[in-house]
Amino acid sequence: MSDEKRVAFVTGASRGIGRAVAERLAREGRHVVLVSRTAGPLNDLKASIESSGGSATTVCCDVGDSKALADAVSDTARSLGRLDILVNNAGITRDGLLLRMSDEDFDEVIRVNLKSAFVACRAAARPMMSNRWGRMVNISSISGRVGRASQVNYCAAKSGLIGMTKAIAKEFATKGITANVVAPGFIETDMTADLPDLVKDEARNITPMRRFGQAHEIAAAVAYFSAEDAGFVTGEVLAVAGGMGM
Ligand code: NAI
C-alpha cells in the first residue's frame, strides 16, 4: 500500500450499501478496511476489490461491542499508519409498534445504529487529528427525518445520528475533519428484500420517483462527502431518497 493512499474504514461492508460504498471508495484509490461480523463475505469482497486493482483489509467486528469496535478503529490506524475516512454504515431494524416494542429491541437498535457511530467517531478522531484531515460519513435514513410507524427505535437512532454528526462537525470544523450524513430513502438491499409487497408498494407510492434506490446511488453520495475537495462541507444531511421527505 502506498503511503499516500487514504484509508477508509467502512462498517457493514459485507453487503448492500456498505459493500457498494467499499467498492466505490476502492475504485477511487482508497485503501478500504472492510468491517462486518463474519469473515466469509468480507474475504470475497476483498478478493473482488483486489482483482479490480484496488486494495483492502478485512476486520471481523460486532459494532455493537463498543470495546471491540474502538480497538478495531485504533488498531487499523496503528497498523496502516493512518485513518482518513470513516463510514458508519452498519445498521439493523427491529420493527414493531410502540406499545409492543420491548426494551431489548429499542436498546439493540440504538446500540448498533447510533452508539457504534459515536464509538467509532471518537476512536477515529485522534488519528484524523494527527493528519489534520478526516472525513466522517454517517448513514442515517430519511426515516430519521420524517418518522415512520413501527420504527420508533430505528427513527430515534437515525435521527440521533443527525444531531450527533452536527455536534461532531462543529467540534472539528477547524481541524480539517468534516462530518456529514447521508440519509437514504428506500434502497434495494437485503434489509428491504423481505418487506411484504404491500409495504414495498406503499414505499414506492410515498417516493416521488416511484422506485427504490440502488446501493451505488448511496455510495456516490458517500464518495462526494469523502472527496479531497469536499473539505468545505460539514454538518450536512444529504437525502438520497428519490424526492421523499423534500
Ligand atoms: P443490510 O442489512 O443489507 O446490510 C447491513 C450491513 O451491516 C451488513 O453488512 C451487516 O452484516 C452489517 N451489520 C449489521 N449489524 C452489525 C453488527 N452488529 N456489527 C457489524 N456489522 C453489522 O442493510 P443495508 O440496506 O445495506 O443498510 C445499510 C445502512 O443503510 C444501515 O445503516 C441502514 O439502516 C441504512 N439504510 C438503509 C435503507 C434501505 O432501504 N436499505 C434506507 C435507509 C437507511
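The values are calculated or read from the model by the stated rules, or taken from the named source; none is laboratory data. Owing to the predicted nature of the structure, the values given are computational and were not obtained by experimental measurement. All Cβ positions, even for glycine, are placed from backbone atoms using ideal geometry, and neighbour counts span all protein chains on display. Heads up: the accessible areas ignore ligands, DNA and RNA and are worked out on the full protein's heavy atoms, side chains in. Shrake-Rupley method; radii C 1.70, N 1.55, O 1.52, S 1.80 Å.
Okay, here's what the table says:
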{"read-out": "Among (1) aliphatic (A, V, I, L, M); (2) in contact with a Cys (Cβ under 9 Å, 6 or more places away or on another chain); (3) farther than 30 Å from LEU195 by Cβ - the single one ALA169 does not satisfy", "value": "(2)"}
{"read-out": "So GLY134, is it more than 9 Å from the ligand (Cβ to nearest atom), of a type in the set (Gly, Ala, Ser), open to solvent by 20 Å² or more (accessible area, probe 1.4 Å) and without any contact (Cβ under 8 Å) to a residue 60 or more places away in the chain", "value": "no"}
{"read-out": "Residue count, segment 109-130 (criterion: under 20 Å from SER14 (Cα atoms) and in contact with a Lys or Arg (Cβ under 6 Å, 6 or more places away or on another chain))", "value": "1"}
{"read-out": "Complete set of residues in segment 152-200 that are charged (D, E, K, R), open to solvent by 80 Å² or more (accessible area, probe 1.4 Å) and more than 22 Å from ALA20 (Cα to Cα)", "value": "LYS166, LYS170, GLU171, ASP197"}
{"read-out": "Every pair of residues 6+ apart whose Cβ atoms lie under 8 Å, when the first sits in segment 110-121 and is in contact (Cβ under 8 Å) with a residue 12 or more places away in the chain and open to solvent by less than 40 Å² (accessible area, probe 1.4 Å) while the second is outside any helix (DSSP H, G or I) and more than 11 Å from the ligand (Cβ to nearest atom)", "value": "ALA120/PHE9; ALA120/LEU86; CYS121/LEU86; CYS121/MET136; CYS121/ALA179"}
{"read-out": "Lone qualifier among ASP229, ASP190 - being among the acidic types (Asp, Glu) and touching a residue at least 12 places away in the same chain (Cβ under 8 Å)", "value": "ASP190"}
{"read-out": "Candidates ALA124, ALA157, ALA149 - the one that is assigned to a helix (DSSP H, G or I), more than 11 Å from the ligand (Cβ to nearest atom) and more than 19 Å from ALA219 (Cα to Cα)", "value": "ALA124"}
